[in-house]
Amino acid sequence: MKTQGVDAVKKALDILRAFSQEQPTLSLSEISKKTGYVKSTALRMLISLEDSGFISANADKTYSVGPEVFRIGSLYQKTFRLETVIRPVMRDIVNRTGESASFFRREGSQRICLFREDSAQALREHVAEGDVVALDRGAAGRVLLEYSDANPLRPATPDMVARLPIVSVGERDPDIAGIAVPILSASAGLAGALTLSGPAFRLTPERIAAMAPIVIAGGSRISTALGSPFYESWQPVSVVGAERAAGR
């Protein structure tokens, strides 16, 4: 028999999940509407969450997430010790392509953006670190599903490498395209997905083909640094030439 969870804890977590990048502050009425809990129940949860530092009550009678959420979120990032390896590669990819780079990790049936480097382009896909999106759509989601059983201690088969990068056009948003590759770690297996994304009108088939080796090279650099030989069978191409073809 499955052990049941604590109802009050679930309600408190539902309230925290009601906040988002688009709605960082919410009134009691909005929280009640988004969670389905009556105001009296929502208020009791908010008081407990505020006492613990997970919620902050604002002067205008709205609420926002508290500093304890940031502390735990920062701890979550540091737990994987990935940032010092991944972020420099992401910045390099952005500089070479002019598009935005993200790193997603699977969490159950969803995926979370752990790291993000935005391009300098005024028009770009808007994703923030900490955003949670569906797992079954988009290039990163498909990588996290298709490469979940990849062996991090062996080089990928030629067929596995030939499928990279995974390309997605208009799956999550009709105006957005992305390409992604898996990141393997000797100790953690499939650590996540490295993604390059931008407006579909800029990520034409020709530019995607030109940027593909840049993204794969980035995936190779990170995976190698994490102790995985997954990309050993990939034959590097001239990234400089690809950079020119990508329009940079």
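The values are calculated or read from the model by the stated rules, or taken from the named source; none is laboratory data. All values derive from a computational prediction rather than experimental measurement. When we count neighbours, we look across all protein chains shown, and the Cβ atoms used for this are built from the backbone with ideal geometry, even at glycine.
Inspect region 74-87 for any residue being more than 24 Å from Ala209 (Cα to Cα), of a type in the set (Phe, Trp, Tyr) and loosely packed, with under 15 Cβ neighbours inside 10 Å and give the result as yes or no. The answer is yes; a qualifying residue exists. Within region 112-128, restricting attention to residues that are farther than 21 Å from Ile208 by Cβ and touching a residue at least 24 places away in the same chain (Cβ under 8 Å), which residue is surrounded by the fewest Cβ atoms within 10 Å (Cβ to Cβ)? Per the stated criteria, the residue is Ala128. Note on region 215-230: residues that are buried (at least 21 other Cβ atoms within 10 Å of the Cβ) and at positive phi total 0.
Here are some residues: Arg207, Arg221, Arg172. Which one is basic (Lys, Arg), out of contact with any strand residue (DSSP E or B) (no Cβ under 6 Å at 6 or more places or on another chain) and assigned to a loop (DSSP other than H, G, I, E, B)?
Numbers: Arg207 fails: assigned to a loop (DSSP other than H, G, I, E, B); Arg221 fails: assigned to a loop (DSSP other than H, G, I, E, B).
Arg172 is the lone residue from the list that is basic (Lys, Arg), out of contact with any strand residue (DSSP E or B) (no Cβ under 6 Å at 6 or more places or on another chain) and assigned to a loop (DSSP other than H, G, I, E, B).
Report yes if some residue within region 25-42 is touching a residue at least 40 places away in the same chain (Cβ under 8 Å) and buried (at least 18 other Cβ atoms within 10 Å of the Cβ); otherwise report no. Taking every residue of region 25-42 in turn, none turns out to be touching a residue at least 40 places away in the same chain (Cβ under 8 Å) and buried (at least 18 other Cβ atoms within 10 Å of the Cβ). Scanning region 110-146 for residues that are assigned to a loop (DSSP other than H, G, I, E, B) and among the basic types (Lys, Arg) yields Arg124, Arg137.
Considering only helices (runs of 4 or more DSSP H) fully contained in region 1-98, which possess at least 3 residues that are closer than 30 Å to Arg202 by Cβ and assigned by TED's automatic domain parsing to the domain that holds Gly227? Reasoning before the result, please.
Numbers: elements: 7-17, 28-35, 39-51, 67-79, 83-97.
Filter on region 1-98 gives 83-97.
Checking each residue in region 152-162 for being of a type outside the set (Gly, Ala, Ser) and surrounded by 15 or more Cβ atoms within 10 Å (Cβ to Cβ) picks out Pro152, Pro155, Met160, Val161.
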